[in-house]
1. Name the residue that is surrounded by the fewest Cβ atoms within 10 Å (Cβ to Cβ), counting only residues in the range 174-205 that are without any contact (Cβ under 8 Å) to a residue 40 or more places away in the chain and within 23 Å of residue 98 (Cβ to Cβ).
2. What's the total number of residues in the range 135-159 that are in contact with a strand residue (DSSP E or B) (Cβ under 7 Å, 6 or more places away or on another chain) and assigned to a loop (DSSP other than H, G, I, E, B)?
């Protein structure tokens, strides 16, 4: 999987991807993350990529030309998806992450300032995705969320493909929240590991975990049961 991130702040993307599982995924050639700065395509002598909005109003608007030229300069695979990170988009979910993991390449467009010139939407026709009903300073954090979440569905990314099978919202959990986990010691500050997890009966453990997932979902996210 190749990720191409169009961003005014490439270091945010690069620093995150140089750590933890993402770093290992890149090292093992499961994913590749490339950044592209629209400032490099600006025709302005000061490398400006934004300007004041027509009609007045607060803030600055990202201009068409640097974004268009940057986008068209990216070498594209036959099977790719172009995504604009915006609070106006469809809400991101595990289902969408799984869907996007089937592509060879994903191009992510990060916004900043007041927003995009509308002709970026009209001319490039990106798929618009939001990570939640709130506003962030820029699209870099949502882009990293997508990279992290999508990559977990790729073969060999986690080392053991079963690692993501029982994550919350995953197919292995039937869309429910994940069951509680415990490790050593058996007792800590009066809190004990449930006996069923210590007995070695795998069928009982599986049933316990299913029940815990259902109860946790009913309590914390009853909307998922609908």
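1. If we filter the range 174-205 for residues that are without any contact (Cβ under 8 Å) to a residue 40 or more places away in the chain, which is where we start, we get 174, 178-205.
Keeping just the survivors that are within 23 Å of residue 98 (Cβ to Cβ) gives 174, 178-179, 181.
Details: 174: 12, 178: 17, 179: 20, 181: 7.
The residue in question is 181.
2. 2
All of the numbers you see were taken from the coordinates with simple rules; none came from a lab. Source: prediction; values computed, not measured. Cβ atoms come from the backbone with ideal geometry, glycine included; neighbour counts cover every protein chain shown.
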